[in-house]
Every structure is written in C-alpha cells, then in structure tokens.
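Heads up: the structure comes next, in structure tokens.
Any read-out appearing in this document is the output of simple, stated calculations on the displayed coordinates, not a laboratory observation. Just so we're clear, the structure is a prediction, and the values are computed from it rather than from any experiment. Cβ: placed from backbone, ideal geometry, glycine included. Neighbour counts: every protein chain shown.
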Amino acid sequence: MKINSSIFHYILPTLGRGLGVGLLLLLLVSCGGKTKQAGGRDTIPMQPCPKFVAGNAMQHIQQQCALGPRVPGTAAWRACGDSIVAWFSALGLDVEEQETTVTLYDGSQFPCRNIIAHINPDNTDRILLCAHWDSRPWADNDADKRNHHTPVPAANDGASGVAVMLELARIISAADDLKTGIDFVCFDVEDCGTPQWDEGDYEENSWCLGSRYWSEQAAENRYQARFGILFDMVGGRGSTFSREGYSMQYATPVVEMLWHIARQLGYGHYFPLRDGTFITDDHVCVNQIAQVPCIDIIPYHTDGPSGFGPTWHTLQDTPENIDPNVLEAVGQSVLQLIYNDGK
C-alpha cells in the first residue's frame, strides 16, 4: 500500500450498488442508532456480542510467520495458503480459491491465489471482510540498505489482518444467532508494488494485484455486499487508525458507525475521530471496480516518515512488534458492528 498524496479533499460518496448500507447506517446514526445522553454524548445501542480473543489472533500471526515470508511463488507462500484454506475449512466454511498470474512493475510474472470463505452462503444479505496475506519481497524501507532486497517477515503487514479475520470466522461460525452472510477474502499479491530502490518510473497500478483480479471477477458475476471492511496492519505497537480518505469518500456511514462503536467500547485511543490521508490499498479496487462500499482500517502515524509505523517494509515486522491490545480493539469493534448490523 502507498499514501496517495495527490488528493487533498474529499468528494461526495458514490456508493454504487452498496447504497443501501449508506442509507441504513445513516438512519441508524441520525435516528435510532444513537440516543442523546446528558452532556451531549452520543451512544449506540449495543447488541449482545461474543468476546474477540486477541490471543487466538496472535497465535495465527505466529503460525504464519513461522513459515517464513509468504512471497508469492515460494514454498512458504504455498504452505501458508494451504493453512489458511485448512483453517477456514475446519470451521465448516465454504472455501473457494481464485488462481491467476499477474504482471509486476518490471514485467515479471507472479502466481496469484485469492482465498475466499463464506458463512451463510445462501443469504443474499452479505458483508465483506478482507485482508492481504502475501509478504513484500523487498524490505525497501529498512534502515539498513543491505536488507532492501530481503523479503519482509510481514507479521503486521499481512499476517495481522488474516489473523483477525480467522478469529472473527471462528466466533461467527459458532454463533447460532447471526444469520447475515459473511464473505472472507484473503487477497494475494497486494504488496509487490514498485520498490523504492527501483530507478524506473513509479507504477501506481503495481500494487493490489490480487484485489484487482477479485474485484473484476466480482463485478462480472454481479457480486453484492452491503459493505466491506479491509484489515491492513491492524496489530502494530503504537497504532492508531485515522479515517482514511477513500473510505470516507465511498463509505462514510460505515466509517462513522465503526469509529463511534470503538469509542463507546473503550477503544477511542485507537480510533481517534481524526481524518487521515488517501491510501492506495485493496479497498480502492473493491470500491471502484466491484462497487462495494468498503473501508480500510489501516494505521496512520503522524509522527513518522512513512506514515505506517517504524516496522513497515522492514525486517523488524515480526511478531515481537505486535500488540495484542491493538488486535483486540480492531477485532472487538468490528465484531460489535457486525452484531449490531446483523441482529
């Protein structure tokens, strides 16, 4: 992913086929979903909701990283993909895979394997949850230039989003009181965009290749979901999540609902009511090609040079630098949103 600095203001949301969720959540926010309290505080009525277990998500991160960097085409990548399929299948989910070949910034070709799992597949009322599972082939932001051609361990930038989804899948698949259809999509080849050390022209479209392919197939098959949530780097120490620009452009009501739920649950420190910047990430293809209003939960560090934290695209992106409290804040907030929306 990359910060898109060429856009300086928000434009009016264009929700496409997902307009329904915008109207629904807007009504919840402005009418029934919030009630005024003394002191001017807004509260959202909370449905009973299971507990997100951050320790389980942490184990999933460790298991992915133990295989080595999941660079597309490598043995670690194949083993991790097989493990993700096995984890979803063990929960009783319907699992499918999309395999294709994609072309990188330099003309080389990589295999691409999107992994998709469904809860309540017959329900046409659906929510999309997604993350990328590949590792960046080059630690091109590492302080030591000798590491710039070494693959990233990708504990946060890859494994954390998948780990949160796997724990959400465990909880939701075991529930008998939630009938909403949930689609989990693990995007491949998100993080093979043009490296910083490349001397050629920068290619904006060199990122998010798996989500582009998934989105094209989704549009062709007329896939519909009321809204989507992308998890990207959702476990790093010191992370806070600003309201990302494209998320506000395409799915403002979902952003506002989630951020207010997080604050009400006591996670306001992680979800400040602060606007971030526009970030080129998988949700852009989901919004613009698949036309599903999708938000991005992604950290935005205002005190660092990259904006994505000190371990981003470095060899320090390891499980030791993951904070279970951040995983809990993200996982519990999204789980509460799903339960509020689906019951």
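Mind checking the angle between helix 160-174 and the chain's longest principal axis? C-alpha axes, 0 to 90 degrees, to the nearest 10. The two axes meet at around 40 degrees. Comparing mean-square fluctuations of 166, 273, 230 from a GNM of the chain with C-alpha springs under 10 Å, the top value falls on 273. Dividing the summed helix terms, -39500 (n - 2.57) for each DSSP H run of n ≥ 4, by the number of residues in the chain produces a 222 nm estimate of -10500 deg cm²/dmol to the nearest 500. Only Cα pairs under 8 Å and 6+ residues apart enter the sum, and on that basis the relative contact order of the chain stands at 26 percent.
The angle between the Cα long axis of helix 245-264 and the longest principal axis of the Cα atoms of the chain comes to about 60 degrees, rounded to the nearest 10. Between residue 176 and residue 220, the contour length at 0.36 nm per residue exceeds the alpha carbon distance by 12.6 nm. Charges on Cβ only, +1 for Lys and Arg, -1 for Asp and Glu, centred on the Cα centroid of the chain; of 81, 279, 68, which one is farthest towards the dipole's positive end? Selected residue: 279.
Only beta bridges with both residues in the chain are counted; by DSSP, about 55 percent of them are antiparallel. Label zone (residue 198, point 7 Å along Cα-to-C-beta; backbone nitrogen cut-off 18 Å) within the range 208-244: 208-213.
Quote the FRET efficiency, to the nearest 0.05, computed for residue 237 versus residue 51 with a Förster distance R0 of 35 Å and r equal to the Cβ-Cβ distance. Given R0 = 35 Å and the Cβ-Cβ separation, E is 0.95.
Put the Cα centre of the range 138-210 next to the Cα centre of the range 221-299 and the gap is 15 Å. Peptides 95-101, 124-130, ordered by how many other C-beta atoms sit within 10 Å of their residues on average, highest first, read 124-130, 95-101. Would you mind classifying the range 82-209 by shape? Square roots of the alpha carbon gyration tensor eigenvalues, ordered a ≥ b ≥ c; an a/c under 1.5 is rounded, otherwise it is prolate if a/b is larger than b/c and oblate if not. Since a/c reaches 1.5 and a/b is larger than b/c, the shape of the range 82-209 is classed as prolate.
Counted residue by residue at 0.36 nm each, then reduced by the alpha carbon distance between them, the extension gain from residue 149 to residue 59 reaches 29.6 nm. As a length-normalised measure over Cα pairs under 8 Å and 6 or more apart, the relative contact order of the range 150-221 settles at 24 percent.
Eigen-decomposition of the gyration tensor built on the alpha-carbon atoms of the range 265-333 gives equivalent ellipsoid semi-axes of 22, 17, 13 angstrom, largest listed first.
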